[in-house]
Amino acid sequence: MVHLSLTALTLLAVAVVRVASSPIEFALPDSNAARLARGLPVKAPANFVRRDSGGVLRTLPDIERRGGGGGGGGGGGHHHPKPPKPSCKPLKGHCGKIRVKGEDGTDYGWISSTLDSTSQGPGSYSTTTSRSHALEVNLEFHGGQSFNIRASSPALPHFPYVGGSSTSKHLGHGSSAFVLIRATTVSPGGTYKKADDKSGPRHAESQIWTIRCHELGLKWTNKDLSQVSGDFFIAHPGSDDEYIGATADWGAFVAEHGSHHFKLVELVFNSN
């Protein structure tokens, strides 16, 4: 049997009293629900938080969470955010038709084989809901970043290419200028050498096209040789004044021209 001295018993009693009088701390749950119940702000999702160069946690801005905004090469621009494209199959061929799909889900049909004379002048392309009346085109690749689209049926001997024309010398960030999709002659890409169209005074280019997952894109060359991408739109859909265009800054465009008669679209190449 162990016998404790009076001194040892005294020290043991003091230790018991101290432990009994000390508050016991419990780890509180740190879920967002528990934090709200305690009047604390919720935690940011882990994948939206990064450490800066000083080791301090920072919340990523909203634009970075979405993977970035718009912006084209050279002159930049504000573009309508688009969801990431799924994996796509390679083109079956370079001959086909161009489908016009609204970003709000509206199906506008196809680019028509008939050239219209609108408020923007003669030679503008519009849409048709009949596939048999859709324009037949050939994609003409030249090994660069952009390419030409030639109208093959019906063939237009004087203006054989599906290109663009504009009265502005510069498209880009802060500019409400736009490009009309029209019948043009040929022009080399990456230069400001003018193609011709039926409108007369406009600057026209033919080698303005890019493609990704069958969706056509714009690469326009400004007078200072900066290049910009942009958003396609349909103007006055279903009316006699319908035409297809593109702008490098959708926000500036609708601020100047309004949005009631203009709808964002995608131009999708369908191989025959």
**Asked** Ranked from the most accessible area to the least, with a 1.4 Å probe and all protein chains present, what is the order of ASP196, ASP116, ASP231?
**Response** ASP196, ASP116, ASP231
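For segment 165-272, report the accessible area per residue in Å² (1.4 Å probe, heavy atoms, rounded to an integer).
Value returned for segment 165-272: 38 Å² of accessible area per residue.
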**Item:** Protein-only accessible surface order, largest first, of LEU135, LEU115 at 1.4 Å
**Value:** LEU115, LEU135
**Prompt:** When the accessible area of segment 210-263 is computed with all protein chains present and a 1.4 Å probe, what percentage of it is carbon and sulfur?
**Reply:** 48
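The values are calculated or read from the model by the stated rules, or taken from the named source; none is laboratory data. Quick caveat: nothing in here was measured; it's all calculated off a predicted structure. To get the accessible areas, we keep the full protein, side chains included, count just its heavy atoms, and leave off ligands, DNA and RNA. Shrake-Rupley method; radii C 1.70, N 1.55, O 1.52, S 1.80 Å.
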